[in-house]
Amino acid sequence: MSAQPVSLTRLNNGITLITVDHQAADLIAARCFFRAGGRWEKPHQSGISHLLAAVMTKGTHSLTAAEIANQIESMGASLGTDAAADYFTLGLKTVTADFPVILNLAAEILRSPTFPPAEVELEQQLTLQNIRAQSERPFSVAFQQLRQAMYGDHPYGFSILGTPATLDRLTAADLKDYHQTYFRPDNLVISLSGRIERDRAIAQVAAAFGDWPIPDRPLPIAPQLPALPPPSSHRLHQATQQAIVMVGYPAPAVHNLPDYIALKVINTYLGSGLSSRLFVELREKRGLAYDVSAFYPTRFSASQFVAYIGTAPENAQVGFDGLVAEVERLCQVPLTETELQASKNKLLGQYALGKQTNADLAQLFGWYTIIDLGIEFDHQFQAAVHQVTPDQIQAAAQRYFQTPYITIVGPEPARETLVG
């Protein structure tokens, strides 16, 4: 169990409240999670969650953007919104004495944003600039192509920013409709961490949100992930100094705990830090890589295991061969007990370092709850990592590391030499 007492309460209007009693500092952090975000977006509205997050703090029925900012800054607090593939969140942090005031402000922002058209237009332009900047980064281009190849028109196939075409069509009316659809108390998880006991937390959240009624209409269901298309290879030209070679393998959702844990350990072994297998073999020993790593995002629906290498264009083929060989080597060569234990220690150490602050704890337990894992997953994850065996690692590798999806971004020579 976590070192801090963690409690979960359901309020009368459906709000799920998590309280982490963490007395180390005279602060409280909160995360307000909604089941909204990228996974709920329609293809023609891709990017609406991010745009809504950018505009939500720009005005309410009774406060202007300047008044909201002044109220936050006058107390030395912080408050911001964000959208991700599997959730939407508002986060805040403040000293304990000011928490009721900031919580009431957060409630007003979440319940009655006005989405001023001028602010919507400004944030659209800023997001378009961000999209254009990403289109000039070889890694971002490669990852976007890989997502599209694997997920197609499902929301996981798109950047949370959306596309220029979809952003251009979004209006303040679209944001209001999206807000009215998903922002409701029975779709809300509030996670608090700091100097706050459970009963006081319940009273303060009830004061801020307790009169928010549940709408009569049902909540929409996020689109199901369709069967993935066959693996494919894509070559994209970009006049860059290096080539980015990226391979992706379909990987399990977080709810497939045995395989999820095995692949998290594999990801740590292959791609985490300067001692990882990919870094040592392809950069240190063979001098092939400017950058090389792997990542395995935690997803509610099917995820992807991605390995990539940034290399000189003339080394694209040998870099690709080395990357795939190192990943798929795990199908034939089991980890030694020493390698496995080192990877477990590193993974659990990184996990512990991610739980140091009130903001970390509020984020972690709220995230686990909004993706239907529950607060118990904190203990389950650590216990499962301790128990994983070399045979389980190899079985997971054999199950998932078959034919990869491939993307290369770089100058013409790199594109022409890659074989996939």
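The values are calculated or read from the model by the stated rules, or taken from the named source; none is laboratory data. Remember, predicted model here, so these are calculated numbers, not experimental data. Note that each Cβ is placed from the backbone with ideal geometry, even for glycine, and that neighbours are counted across all protein chains shown.
Values computed for the structure shown
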| quantity | calculated |
| --- | --- |
| Residue pairs meeting the criteria (Cβ under 8 Å; at least 6 apart or on separate chains; first within 30 Å of residue 370 (Cβ to Cβ), in region 287-315; second part of a loop (DSSP other than H, G, I, E, B) and among the charged types (D, E, K, R)) | 299/86; 300/86; 300/372 |
| Long-range neighbours under 7 Å by Cβ, at least six apart or interchain, first residue among the β-branched types (Val, Ile, Thr) within region 210-226, second outside any loop (DSSP other than H, G, I, E, B) | 214/185; 214/186 |
| Cβ-Cβ under 8 Å pairs, at least 6 apart or on other chains, region 105-119 side on the phi > 0 side of the Ramachandran plot, far side part of a helix (DSSP H, G or I) | 115/52; 115/55; 115/56; 115/58; 115/172; 115/175; 115/176; 115/179 |
| Any hit, region 284-299, residues being assigned to a helix (DSSP H, G or I), charged (D, E, K, R), surrounded by 20 or more Cβ atoms within 10 Å (Cβ to Cβ) and out of contact with any Ser or Thr (no Cβ under 9 Å at 6 or more places or on another chain) | no |
| Given (1) without any contact (Cβ under 8 Å) to a residue 40 or more places away in the chain; (2) aliphatic (A, V, I, L, M); (3) assigned to a helix (DSSP H, G or I), number of the condition residue 361 does not satisfy | (1) |
| Among (1) under 30 Å from residue 243 (Cα atoms); (2) of a type in the set (A, V, I, L, M); (3) surrounded by 17 or more Cβ atoms within 10 Å (Cβ to Cβ); (4) modelled with pLDDT of 95 or more, the one test that residue 371 misses | (1) |
| Every residue from region 16-44 that is among the aliphatic types (A, V, I, L, M) and in a strand (DSSP E or B) | 17, 18, 20, 27, 28, 29, 30 |
| Condition met for residue 320 (farther than 30 Å from residue 22 by Cα, part of a helix (DSSP H, G or I) and at pLDDT 95 or above) | yes |
| 1 or more residues at pLDDT 95 or above and touching an Asp or Glu at 6+ places or on another chain (Cβ under 8 Å): qualifying helices (runs of 4 or more DSSP H) within region 53-145 | 65-74, 117-134 |
| Selection from region 146-181 of residues that are of a type in the set (A, V, I, L, M, F, W, C), outside any loop (DSSP other than H, G, I, E, B) and either in contact (Cβ under 8 Å) with a residue 12 or more places away in the chain or in contact with a Cys (Cβ under 6 Å, 6 or more places away or on another chain) (or both) | 146, 149, 150, 167, 172, 175 |
| Test: residue in region 86-94 that is closer than 28 Å to residue 157 by Cα, among the small types (Gly, Ala, Ser) and touching a residue at least 60 places away in the same chain (Cβ under 8 Å) | yes |
| Of all residues making up region 365-387, the number that are of a type outside the set (Val, Ile, Thr), in contact (Cβ under 8 Å) with a residue 60 or more places away in the chain and not in a loop (DSSP other than H, G, I, E, B) | 8 |
| Residues (outside any strand (DSSP E or B), farther than 30 Å from residue 340 by Cα and among the small types (Gly, Ala, Ser)) located in region 223-269 | 227, 232, 239 |
